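Chemist: Questions regarding the structure given below will be posed in turn.
The values are calculated or read from the model by the stated rules, or taken from the named source; none is laboratory data. Predicted model only: the values in this text are computed from it and were never measured. Cβ coordinates were reconstructed from backbone atoms using ideal geometry, including for glycine residues, and neighbour counts include every protein chain displayed.
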Amino acid sequence: MTFTTMLKEEISKNDFNVIEARYELIAFLNCIGKFNKDELLITVENASIARRIYKEIKVIYGVSPKIIVRIQKRFKVKQIYILSIKERLDFIKDSINMGLKIELADLVSDEEKIAFLEGAFLAVGNVTNPSTSGYHLEFIFTKERLAKQVLNLLKHFKLKAKTIKRGYKTVVYIKASENISDLIKLFKATNALFYFEDIRIYRDHKNMVNRLNNCEIANQEKTFKAGLKQLEDINYLKKMDLFDLLDEKTKIVAEVRVKYPEVSLQELADIITLEYDYKIGKSGVNHHFIKLSELVKRHKGVCSNESKISK
C-alpha cells in the first residue's frame, strides 16, 4: 500500500456531517465526475473512497448510485469502481457548477474549507512516501478554477503552496515537510500523521548527523592543511639557520608541532601545557605560529629584493 492510499483510506473512514460532506462531495465531483447525455459517471480505484462517495451522494442528493466493478489488467491487475447516477442529474449538475463559483468567504467555517480540500485530495491528490523520496504533495487539476480555489484554501491555513503547468493540467503542490504534516493534521488522519512524523524525525536526525560528520571532516582537512603550512615554515627556518632567532616559547611550540603534525591548535596547546610546564591556550599557540610565519615572509622578502638588485 502506498502512502497516498494509506492517507486517503484514513480520510475516507472519518466521520462526516451533512454540511461538510456537501463541500467535500462538490470538490470531488468537480475533479473527476463526468457527465454523459443521461448519466454521471464517477470512476474510483479505491474501495474505501467509493463507499464514502456513495454514502455522501445518497445523503446529500437522495439518490443511490449504481456500482459497477471492473477488473483493469493494464500494467497490473486491479479493481475499478464506477458509480453511475441517472437520477436528478440537472440538480446535481447545478450543484457541481455552483462549486466552481465558491469563494473563500463562502465557506463559513474552517471545517467547510477542510472538507473542500479533502474532497479535492481524495479525487486528485498524491503524496510521495517520505521514507523513499523527498517531501512532495500535489493536487492535479484539469480545471484551472479548481486549482485556484485549492491554492487559496491552502494559503488560508498558512500552508506554502505553489502551482505549475503540466500540459493542459494545473498542479498545486507543497514541498515543505512541515506544511505537508500540517495538512495531514487538518485531514485528521492520525495514523498517517504519526507515520509521516516518525520518518521525518528519523530523516532530520540522519541529515543532522551527516552535516556534523561533514563539518568534522572539513575541520580535520583544515587542521591538516594548516599543520602542513606550519611545518613548511619551521623547516624553512631551520634550513636557512634562522630557527635560533625565535624566542624560547616559540621554539617549544614549533618543536611540538614537528612531533605532532596532525593535531589541532587546541590539542597542541594541551600537549605543551602538560609536557613543558608552559600553560598556553589555542590563541597563544596560534600567536606563536603567526610570529613564525612573519619571520619566514620577511626573510623571503629580503631574499627576493637581493635577487632583484643582483640582476
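Chemist: What pairs come up if the first residue lies in the stretch 246-274 and is within 16 Å of residue 232 (Cβ to Cβ), the second is at pLDDT below 85 and not in a helix (DSSP H, G or I), and their beta carbons are under 7 Å apart, counting only those six or more places apart or on different chains?
Modeler: 254/246
Chemist: Any residue in the stretch 161-177 that's closer than 15 Å to residue 31 by Cβ: show its pairings with residues that are among the acidic types (Asp, Glu) and not in a strand (DSSP E or B) at Cβ separation under 9 Å, as long as the two are six or more apart or on different chains.
Modeler: 170/144
Chemist: Pairs please, first residue from the stretch 194-221 and in contact (Cβ under 8 Å) with a residue 24 or more places away in the chain and not assigned by TED's automatic domain parsing to the domain that holds residue 180, second anywhere and part of a helix (DSSP H, G or I) and among the hydrophobic types (A, V, I, L, M, F, W, C), Cβ atoms under 8 Å, 6+ apart in sequence or on different chains.
Modeler: From residues that are in contact (Cβ under 8 Å) with a residue 24 or more places away in the chain and not assigned by TED's automatic domain parsing to the domain that holds residue 180, the pairs are 195/3; 195/6; 196/3; 196/180; 196/184.
Chemist: I would also like to ask the following. Can you tell me which of 217, 199 is in a helix (DSSP H, G or I), within 30 Å of residue 263 (Cβ to Cβ) and not basic (Lys, Arg)?
Modeler: 217
Chemist: Restricting to the stretch 72-125, name every residue that is at positive phi and touching a residue at least 12 places away in the same chain (Cβ under 8 Å).
Modeler: Within the stretch 72-125, just 88 meets the criteria.
So that you can scan it fast, the table gives a plain yes or no per residue for (1) polar (S, T, N, Q); (2) under 22 Å from residue 192 (Cβ atoms); (3) surrounded by fewer than 15 Cβ atoms within 10 Å (Cβ to Cβ):
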position	(1), (2), (3)
3	no, yes, no
26	no, no, no
31	no, yes, no
49	no, yes, no
62	no, no, yes
80	no, no, yes
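Chemist: Could you list, in sequence order, the residues of the stretch 128-170 that are surrounded by 14 or more Cβ atoms within 10 Å (Cβ to Cβ) and among the acidic types (Asp, Glu)?
Modeler: Residue satisfying the conditions is 138 alone.
Chemist: Scan the stretch 41-71 for residues that are assigned to a strand (DSSP E or B), touching a helix residue (DSSP H, G or I) at 6+ places or on another chain (Cβ under 8 Å) and free of Cβ contacts under 8 Å to residues at least 24 places away in the same chain and report the count.
Modeler: Looking only at that region, the number is 1.
Chemist: Further, regarding this structure: Return the residues of the stretch 183-232 that are modelled with pLDDT under 85, of a type in the set (Gly, Ala, Ser) and either at positive phi or surrounded by 11 or more Cβ atoms within 10 Å (Cβ to Cβ) (or both); say none if nothing qualifies.
Modeler: Within the stretch 183-232, 226, 227 meet the criteria.
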